[in-house]
Amino acid sequence: MNKKTILVTGANGQLGSELHQLSKRNTPFNWLFCSSSQLDITNIEMLQNYFNTQSIDAVINAAAYTKVDAAETDQQSAIATNATAVEHLAKICSHQNILLLHISTDYVFDGNHKTPYLPADATSPVGMYAFSKWKGEEILKQYVAENQLRAILVRTSWVFSSYGNNFLKTMLRLMKERSELKVVNDQIGKPTYAFDLAEALIKICQQILLDGKYNFTNTLPVYHFANKGIISWFDFALGIAQQIGYKGNLLPIPTALYPTPAKRPKYSVLDTTSFEADFNLQIPTWQQSLNNCIKAIHEK
Ligand SMILES: NC(=O)c1ccc[n+]([C@@H]2O[C@H](COP(=O)([O-])OP(=O)(O)OC[C@H]3O[C@@H](n4cnc5c(N)ncnc54)[C@H](OP(=O)(O)O)[C@@H]3O)[C@@H](O)[C@H]2O)c1
């Protein structure tokens, strides 16, 4: 039997790169990886031409406009990539009966909860990046309801990886340069190792494309994926410091002392129970995954 083919958009990002690395292991799929220059998902003609020349069974949309602060002044680009392009992909995938796995963010929540957010909890994005990602979710929901699209939405949070730029890599750099670091301790969330997310997405594809184990309806299934453990950025920095033996001072500070153009949710903890139950997966703790990621960085 021919292997099923999965296309990964945004292939040079953190998630895209982890998927690329994992695809080199023995997965039961053919893989297509496209960077933003090879396949600009905001360009519908480019997308249509590409999809018309390939036989694709699933798309993992790892492409996104992720510059949270820049989005405040570059709203058009954020909307084009995080919302309009999702509609392009949804349209093509529904016409060609392709499974679409789309990734979204904890930022679709305003952060006023005191307990972990469930996938069905009410969304209320704050800031333009958050709004653009929320708009992408809404478009996808509508598309599934009206066009028999097979899609799954996975929200994640605080992504780190040995690829790209992220909090971990910034901390590793700063811990080399400085003897004292101030880190906010009043934003609470869950870090996510992009490798773990990539691995989970591949398992989802396996269960759906090969085992036929998933029942699609006209309601978009929404899931949350993040590593286990609820922490602040300060706790994350402490964890990094411990693992690399940083001898400097780490000081907790309130968000008010580290102002950013876009407001961040104070509490964006994602409840992952339904993800683990529906796909029969166990998600590692952030400490375990941090350790694995630091090793991966050192091996480069
Ligand atoms: N990073 C986080 O902390 C975080 C948190 C929650 C959710 N998420 C979500 O998780 C997903 C993966 O994020 P990530 O951290 O892997 O992001 P990332 O490292 O910023 O990668 C995003 C990739 O998308 C590409 N891209 C941007 N515009 C594109 C376009 N028009 N067409 C095709 N590709 C385009 C970028 O390419 P260029 O570099 O060439 O522009 C980049 O390689 C995204 O949906 C993001 O919203 C991320």
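The values are calculated or read from the model by the stated rules, or taken from the named source; none is laboratory data. Just so it is clear, the model here is predicted, and its values are computed rather than measured. Every residue, glycine as well, gets a Cβ built from its backbone with ideal geometry; the counts of neighbours run over all protein chains shown.
Out of SER162, SER157, one residue alone is among the hydroxyl-bearing types (Ser, Thr, Tyr) and more than 24 Å from VAL108 (Cα to Cα). It is SER162.
If you go through segment 226-282 and keep only what is among the acidic types (Asp, Glu), farther than 19 Å from ASN112 by Cβ and in contact (Cβ under 8 Å) with a residue 40 or more places away in the chain, you end up with ASP235, ASP278.
For beta carbons closer than 6 Å, sequence separation of 6+ or different chains, a first residue in segment 63-86 that is assigned to a helix (DSSP H, G or I) and a second that is near the ligand (Cβ under 10 Å from one of its atoms) and among the β-branched types (Val, Ile, Thr), the qualifying pairs are ALA80/THR42; THR81/THR42; ALA85/ILE41; ALA85/THR42.
For segment 190-239, a residue qualifies if it is under 18 Å from the mean Cα position of the chain (by Cα), more than 18 Å from ASN291 (Cα to Cα) and not in a helix (DSSP H, G or I), and the qualifying residues are LEU220, PRO221, VAL222, TYR223, HIS224, PHE225. Scanning segment 47-62 for residues that are assigned to a helix (DSSP H, G or I) and either within 15 Å of the ligand (Cβ to nearest atom) or in contact (Cβ under 8 Å) with a residue 40 or more places away in the chain (or both) yields LEU47, GLN48, ASN49, TYR50, PHE51. A single entry from LYS182, LYS176 fulfils the requirement of being away from the ligand (no atom under 16 Å from the Cβ), more than 23 Å from ASP271 (Cβ to Cβ), modelled with pLDDT of 95 or more and in a strand (DSSP E or B): LYS182. For segment 19-46, how many residues meet the condition of being more than 9 Å from the ligand (Cβ to nearest atom), of a type in the set (S, T, N, Q) and part of a loop (DSSP other than H, G, I, E, B)? Matching residues across segment 19-46 total 2.
Would you please name the residue that is nearest to the ligand (Cβ to nearest atom), looking only at residues in segment 1-18 that are of a type in the set (Ser, Thr, Tyr) and within 17 Å of the chain's Cα centre (by Cα)? Among residues in segment 1-18 that are of a type in the set (Ser, Thr, Tyr) and within 17 Å of the chain's Cα centre (by Cα), the one nearest to the ligand (Cβ to nearest atom) is THR9.
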